[in-house]
1. If you scan region 10-36, which residues turn out to be aliphatic (A, V, I, L, M) and surrounded by 18 or more Cβ atoms within 10 Å (Cβ to Cβ)?
2. Go through the residues of region 85-97 one by one and say whether even a single one is closer than 30 Å to Gly186 by Cβ and either aliphatic (A, V, I, L, M) or touching a residue at least 60 places away in the same chain (Cβ under 8 Å) (or both).
3. With the condition kept exactly as written, say whether any residue in region 204-215 is under 21 Å from Val355 (Cα atoms), loosely packed, with under 14 Cβ neighbours inside 10 Å and touching a helix residue (DSSP H, G or I) at 6+ places or on another chain (Cβ under 9 Å).
4. Would you mind telling me which numbered condition in (1) more than 26 Å from Leu147 (Cβ to Cβ); (2) modelled with pLDDT of 95 or more; (3) hydrophobic (A, V, I, L, M, F, W, C) Ala26 fails?
5. With the structure loaded, tell me whether Val97 is farther than 19 Å from Phe144 by Cβ and touching a Ser or Thr at 6+ places or on another chain (Cβ under 8 Å) or whether it fails that test.
6. With Leu62, Leu69, Leu101 as the choices, which residue is in the same structural domain as Val22 (by TED's automatic domain parsing), buried (at least 19 other Cβ atoms within 10 Å of the Cβ) and farther than 19 Å from Lys127 by Cβ?
7. Just to verify a result, which residue in region 215-271, among those that are aromatic (Phe, Trp, Tyr) and within 26 Å of the chain's Cα centre (by Cα), is farthest from Leu370 (Cα to Cα)?
8. Given (1) assigned to a helix (DSSP H, G or I); (2) within 30 Å of Met104 (Cα to Cα); (3) out of contact with any strand residue (DSSP E or B) (no Cβ under 9 Å at 6 or more places or on another chain), identify the lone condition not met by Glu136.
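The values are calculated or read from the model by the stated rules, or taken from the named source; none is laboratory data. Predicted, not measured: the structure shown is a model, and the values here were computed from it. Please note: Cβ atoms are built from the backbone with ideal geometry, for glycine as well, and neighbour counts cover all protein chains shown.
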Amino acid sequence: MAKATTTAAPIVLVCGDDDFTVKQRAKKVFDAWCTELGGMDHEVVDGTAMNSSEALQKLGRLNEALNTLPFFGGAKVVWFQNCTFLGEDRTGGSAAVTGALADMAETLKNFRWDGVRLLISSGKPDKRRVFYKTLEKLGTVESFSALSQDDKDWAVKVESEALRLLREAGREIDDAALSDLVSRTGPNLRLMASEVEKLILYTEGRPAIAGVDVAKIVSRQKHARAFALSEALGDRDLPKLLKVLDEELWEIRTGADKKKSEIGLLYGLISKIRTLLLLQELMRLGVLKPARDYNTFKAQLERVPASALPADRRFNPLAGHPFVLFQAMKQAGNYRIEELVEAMGTLLDANRKLVGSDLDEAMVLQQAALDIIGIPRRRDGGGNQTR
């Protein structure tokens with residue numbers, strides 16, 4: 001967690017492997033300082049270095065900036081921006097750079113900070129180094145870690161940032177479209193910001209962004225493609241499921257993804273049906289209620305007592321990621337409970353065929369999908385439903 005920055009600290013280090021948040025936060029600190037101190041002599045020094053020689057040059061420019069007084073007097077802010085050699089890479093670990101950083105640490109210790117403030121933004125630093133420890137002692141360190149799928153709050157953070165950017169642009173987005181946007185981009189704030197910018201440009205002249213806009217403009221990232229098969233099953237979309245299944249089987253047969261297998265695809269479908277069953281039962285019992293937005297749903301999950309759920313993680317919906325469960329909750333109504341029970345039997349039969357027969361794997365999986373989803377209904381000329 002990042003510490004709260006106070007403008008009284010003469011030095012602030014904003015760092016971490018979440019470069020999107022680091023840059024946003026550093027810009028906010030810089031702008032706040034410049035507004036507070038006034039003046040026009042604030043300076044930004046680029047800290048990007050490809051090798052040790054460039055790193056030494058950049059440190060020299062930082063030293064010059066700190067020791068150059070404002071032309072009109074008053075206070076000065078120096079931003080050492082995007083420093084790339086505070087970590088454990090080859091450049092940062094070289095003897096010359098390590099020594100120069102140690103010398104800079106001594107300079108900062110003895111520096112007279114009257115009217116001068118230093119902001120440093122960088123990637124993930126090596127906390128064992130003297131330079132980092134000096135910054136931590138003299139000022140404030142804010143560290144931001146990149147989001148990952150293991151972070152159970154990643155969807156909340158991505159959703160919140162997306163809403164902030166959209167509101168700043170004067171756009172609205174409905175809950176379903178927002179959920180799809182988050183699902184497609186995944187735990188990547190930079191990517192999400194880029195996709196939001198595309199949506200804003202695409203919907204120029206319109207105040208609201210709809211689900212059709214997200215589906216047309218925002219591409220599914222790798223993490224989303226990994227769940228595309230089970231999502232198509234949950235959506236009860238046979239054409240989409242068969243298309244994704246064909247793509248997955250092609251990757252398996254060409255060796256494009258050696259981690260995938262036909263039995264693995266089947267187990268993914270089994271897991272999806274099991275989750276839909278469990279969620280339907282929890283809603284039937286009143287333990288969970290349908291929710292339009294992710295935060296409301298997540299709050300419900302947190303209130304469910306552990307004693308009300310199975311101890312076995314395979315049958316406990318809370319053992320999964322809350323966002324995955326939220327998506328499944330919206331799909332649970334696409335099937336009757338009897339259909340889901342029958343689907344488990346269909347997938348069990350498919351499992352036996354994949355393991356104990358010479359039948360073509362693609363045919364087995366395609367037939368299972370057809371049996372579960374069924375042929376979509378359509379209306380004839382008289383308005384009656386036919387198959």
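1. Scanning region 10-36 gives Ile11, Val12, Leu13, Val14, Val22, Ala26, Val29.
2. Within region 85-97 (the criterion being closer than 30 Å to Gly186 by Cβ and either aliphatic (A, V, I, L, M) or touching a residue at least 60 places away in the same chain (Cβ under 8 Å) (or both)), the answer is yes, since at least one residue qualifies.
3. Filtering region 204-215 for residues under 21 Å from Val355 (Cα atoms) gives none.
Looking for residues that are under 21 Å from Val355 (Cα atoms), loosely packed, with under 14 Cβ neighbours inside 10 Å and touching a helix residue (DSSP H, G or I) at 6+ places or on another chain (Cβ under 9 Å), one finds none in region 204-215, hence no.
4. With respect to (1) more than 26 Å from Leu147 (Cβ to Cβ); (2) modelled with pLDDT of 95 or more; (3) hydrophobic (A, V, I, L, M, F, W, C), Ala26 is out only on (1).
5. On the way: farther than 19 Å from Phe144 by Cβ: yes; touching a Ser or Thr at 6+ places or on another chain (Cβ under 8 Å): yes.
Here the answer is yes, as Val97 does meet what is asked.
6. On the way: Leu69 fails: buried (at least 19 other Cβ atoms within 10 Å of the Cβ); Leu101 fails: farther than 19 Å from Lys127 by Cβ.
Answer to the check: Leu62.
7. Step one: list which residues in region 215-271 are aromatic (Phe, Trp, Tyr), which gives 227, 250, 267.
Applying the additional criterion that residues be within 26 Å of the chain's Cα centre (by Cα) yields 227, 267.
On the way: Phe227: 19, Tyr267: 17 Å.
Among those that are aromatic (Phe, Trp, Tyr) and within 26 Å of the chain's Cα centre (by Cα), it is Phe227.
8. So Glu136 meets the others, but not (3).
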